[in-house]
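> Structure below; questions to follow.
The values are calculated or read from the model by the stated rules, or taken from the named source; none is laboratory data. Model, not experiment: these values are computed from the prediction. Every residue, glycine among them, receives a Cβ derived from its backbone with ideal geometry; neighbour counts consider all protein chains shown. Surface areas here come from the heavy atoms of the whole protein model, side chains and all, with no ligands, DNA or RNA. Shrake-Rupley method; radii C 1.70, N 1.55, O 1.52, S 1.80 Å.
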Amino acid sequence: MDRERKLAQAVEGILDSYRRHGNINHLEATALPSRTRVTRLLDELMHLVFPGYFGEENLDELTSNYVVGDRCARLFRDLSAVCYRAFRVQDQECDSAQRRDMKQRADEISIGLLELLPGVRDMLVGDVQAALLGDPAAASAEEVILSYPGVQAITSHRIAHELFKMGVPMLPRMMSEVTHSRTGIDIHPGATIGASFFIDHGTGLVMGETTQIGARVKLYQGVTLGALSVRGRDEARGKKRHPTLEDEVTIYAGATILGGETVIGRGSTIGGNVWLTHSVAPGTTVVLDTPSLLFK
Amino acid sequence: MDRERKLAQAVEGILDSYRRHGNINHLEATALPSRTRVTRLLDELMHLVFPGYFGEENLDELTSNYVVGDRCARLFRDLSAVCYRAFRVQDQECDSAQRRDMKQRADEISIGLLELLPGVRDMLVGDVQAALLGDPAAASAEEVILSYPGVQAITSHRIAHELFKMGVPMLPRMMSEVTHSRTGIDIHPGATIGASFFIDHGTGLVMGETTQIGARVKLYQGVTLGALSVRGRDEARGKKRHPTLEDEVTIYAGATILGGETVIGRGSTIGGNVWLTHSVAPGTTVVLDTPSLLFK
Amino acid sequence: MDRERKLAQAVEGILDSYRRHGNINHLEATALPSRTRVTRLLDELMHLVFPGYFGEENLDELTSNYVVGDRCARLFRDLSAVCYRAFRVQDQECDSAQRRDMKQRADEISIGLLELLPGVRDMLVGDVQAALLGDPAAASAEEVILSYPGVQAITSHRIAHELFKMGVPMLPRMMSEVTHSRTGIDIHPGATIGASFFIDHGTGLVMGETTQIGARVKLYQGVTLGALSVRGRDEARGKKRHPTLEDEVTIYAGATILGGETVIGRGSTIGGNVWLTHSVAPGTTVVLDTPSLLFK
């Protein structure tokens, strides 16, 4: 029949296209860390740092040892498998000795992350407190943890950043993208963020790979901490391209701060929609000069 | 084995961290209204206000009574359970008499919301109509209901706002965050919004808790209706901190309007990227004076 | 019992509201293309254009023919069913001959899209390459495909745009909204976009129905390519209302370009936050004149 023949031809056309464009296929290649899997991993890690908040299970004195032990054991296996896949994709021609090394590194990273989680939780205590202090509409720590996109974003970032520092390819960026998809907040896993950090609302916030942020910093929706225009991709890689914010800086909605040598001094306040490409001294307040408005 | 020992140590470290930071745990405490459950509740409520739009089931004259009755009965139970959890979290030391009271209030709120849904639907008829009139690309009411983030956001808000007015803790804010995650539109459940409301596109829109909006208002993406800088959290709580928009106001993309005493008079138009912290009289058009551009 | 009676009354109130507001119901009407189904369709299409990237299945030389054939056959059926529903909703009074015609058109469109996918993949090769060249933080094609919202958005758009051109109602807009929900990038399926297109970050980007974009164009987060204020809905429909960007144009974060007669000439650069409602000649750089900042 005509329809059958056309379908067969369409399938053949697609298979043929797979043969032509190797670089956007992963047919014969190593299995990739799939997005579904990374999403599940991130969710499990969120459960682990905020126990009792996201799941339906009951945790109490009697059961928590087992529930947490079981969760950690599963996470260890899953995270290690995803890390291994990420290493393999980077180096697809590796021999069996190299593969054994990769497997071992993946195991070490996986245990390593679990060991770092208590430290991550210490930081998150401060972040939740900062949200409670920073937003008059915040009613309780529970509300903040369950419903503030900024808290979700910094939690995900503090975890992804540890994996980034341990040199895991792809996975940290995939985690940050899952969180961006959920919150509208786009933080590169390479960014370094100090204690007691708060993002209010946050949709549209962009923070680049080499951003450095001190303690007690507060950012609003639509803030960009970005790079100045890039000439060559290769010349830019590895350099500090994004700003530094010292302690106690506040940046209001829609402000854009660009450049790797731009330093916003301690305690400064940057007003809404300000566009800055140079440093300001500690304690400075920068606002747009009353923009001329026409009233008709 | 070494790996086993390390895993056991990591688990012990995490359990130890749970003991240290009580305020970001819900181990021994009352079960929280989980995000998964709240998402399901909101989806069921969306089904109920727009029957036949989101689900796969068949609704017709013969079956709709049963389908709708069944959906309402399940919603009654689920909503009541989540409300009860939300009350419990607020007051964890309550005795059994207080718990019985909470259970009864949760039941009343749950029935109460179902009773309010026809009224919510009356408002949504006007909102769908406003979207059809406001966007030349809109092809049909079906398209608008199925694919306009602004319609999804106002639907979710009109439901969450009723729960907010009935004094349910946490749940309304969690609903608005589920919708923010899906649409990029961040409306606090406390905001009061009049009839025939339309948000076009909407990503990045932020509307604060004490905002008041009249009838036939139209907002675009990236609009902020926010608070002026907050000095003390406690001094700000409960006060009107966000603007008032009277009837037939239009606010274009990226405009920021701040302050609890700021009133945008009836029929006014606020241009894109305008930054306003004071009131304007009815019928005013405010635009940025031609911003100086450099052409090189 | 009182509770039972109240629940029954609430159900009756909701059913009564369904009878009153026909235009926001789909009770007796044709089944709609549900959002759940459209999401699944889009995911299947993403699998097909980037094989091995999103799913968990193993694809290799031996199995890929069968896996791909099976996927195409299922897609053919599902897409045809959704297209048929979309046609039916447009014309609910149709007779059985018209319904047979609709069914056949739906089949043709469904095969037609499968036939177009190799061409879509040819375009995507250039888009992935553009992302790799445009972002110094991009580590590999794999990372770009798996975690860049801009790549996800253009992939979804190139598919939805084909369905739009074939005249399928509702479905293309629903696909673009699923992607907007995931990425914060809001591209109308009607927009025409040339080769090697790159969106960096992208949250808050809005691109209208009649936008025309050349080759090697680069856009950042928060860019609006929109319409000038619309007087009458009907007078605006079908006209070119959104801008044209010629080849090799770059538009930085937060810039707003409006109007159907606005043409940004080849090779031009538009700076961050610029607001433009008229054309600029090829090779122009437009930036905000140093906005006056107050330092306190």
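> Looking at B:Gly204, B:Gly238, B:Gly254, can you tell me which residue is assigned to a loop (DSSP other than H, G, I, E, B), at pLDDT 95 or above, among the small types (Gly, Ala, Ser) and out of contact with any Lys or Arg (no Cβ under 7 Å at 6 or more places or on another chain)?
On the way: B:Gly238 fails: at pLDDT 95 or above; B:Gly254 fails: at pLDDT 95 or above.
Of B:Gly204, B:Gly238, B:Gly254, the one residue that is assigned to a loop (DSSP other than H, G, I, E, B), at pLDDT 95 or above, among the small types (Gly, Ala, Ser) and out of contact with any Lys or Arg (no Cβ under 7 Å at 6 or more places or on another chain) is B:Gly204.
> With respect to the numbered conditions (1) open to solvent by less than 10 Å² (accessible area, probe 1.4 Å); (2) more than 7 Å from chain A (Cβ to nearest Cβ); (3) at pLDDT below 90, which one is the sole condition not fulfilled by C:Ser156?
The one condition C:Ser156 does not meet is (3).
> Under 7 Å between Cβ atoms, at least 6 apart or on separate chains: pull out the pairs that start in the range C:133-147 with a residue that is more than 7 Å from chain A (Cβ to nearest Cβ) and end on any residue that is among the basic types (Lys, Arg) and outside any helix (DSSP H, G or I).
Listed pairs, sorted by first residue: C:Gly134/C:Lys218.
> If C:Asp107 meets every condition in (1) more than 10 Å from every other protein chain (Cβ to nearest Cβ); (2) closer than 16 Å to C:Leu171 by Cα; (3) modelled with pLDDT of 90 or more apart from one, which number is that one?
Going through the list (1) more than 10 Å from every other protein chain (Cβ to nearest Cβ); (2) closer than 16 Å to C:Leu171 by Cα; (3) modelled with pLDDT of 90 or more, C:Asp107 breaks only (1).
> Does any residue in the range A:89-111 that is touching a residue at least 12 places away in the same chain (Cβ under 8 Å) come within less than 7 Å, Cβ to Cβ, of a residue that is part of a loop (DSSP other than H, G, I, E, B) and open to solvent by 50 Å² or more (accessible area, probe 1.4 Å) six or more places away or on a different chain, and which pairs are these?
A:Ile109/A:Met166
Condition check ((1) over 8 Å from the mean Cα position of the chain (by Cα); (2) without any contact (Cβ under 8 Å) to a residue 24 or more places away in the chain) across all residues:
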| position | (1), (2) |
| --- | --- |
| A:Lys165 | yes, yes |
| A:Met175 | no, no |
| A:Thr183 | yes, no |
| A:Gly190 | yes, no |
| A:Ile193 | yes, no |
| A:Ser196 | yes, no |
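> Can you confirm whether the range A:74-81 contains a residue that is over 19 Å from the mean Cα position of the chain (by Cα) and at pLDDT below 90?
No.
> Kindly indicate the residue of the range A:16-43 that is out of contact with any helix residue (DSSP H, G or I) (no Cβ under 6 Å at 6 or more places or on another chain) and more than 25 Å from A:Val178 (Cβ to Cβ) and also modelled with the lowest pLDDT among those meeting that condition.
Among residues in the range A:16-43 that are out of contact with any helix residue (DSSP H, G or I) (no Cβ under 6 Å at 6 or more places or on another chain) and more than 25 Å from A:Val178 (Cβ to Cβ), the one modelled with the lowest pLDDT is A:Glu28.
> Consider the range A:102-140. How many of its residues are more than 14 Å from A:Val49 (Cα to Cα) and among the aliphatic types (A, V, I, L, M)?
Looking only at the range A:102-140, we keep the residues that are more than 14 Å from A:Val49 (Cα to Cα), and these are A:102-112, A:129-140.
Now narrow it down to the ones that are among the aliphatic types (A, V, I, L, M): A:102, A:106, A:109, A:111, A:130-133, A:137-139.
Total meeting the criteria: 11.
> Restricting to the range A:181-193, what's the tally of residues that are under 22 Å from A:Gly260 (Cβ atoms) and either of a type in the set (A, V, I, L, M) or within 14 Å of chain C (Cβ to nearest Cβ) (or both)?
Residues that pass the stated criteria total 8.
> Ok, one more. Can you name every residue in the range B:159-176 that is surrounded by fewer than 24 Cβ atoms within 10 Å (Cβ to Cβ) and in a helix (DSSP H, G or I)?
If the condition is that a residue be surrounded by fewer than 24 Cβ atoms within 10 Å (Cβ to Cβ) and in a helix (DSSP H, G or I), then B:His161, B:Glu162, B:Phe164, B:Lys165 are the ones that fit.
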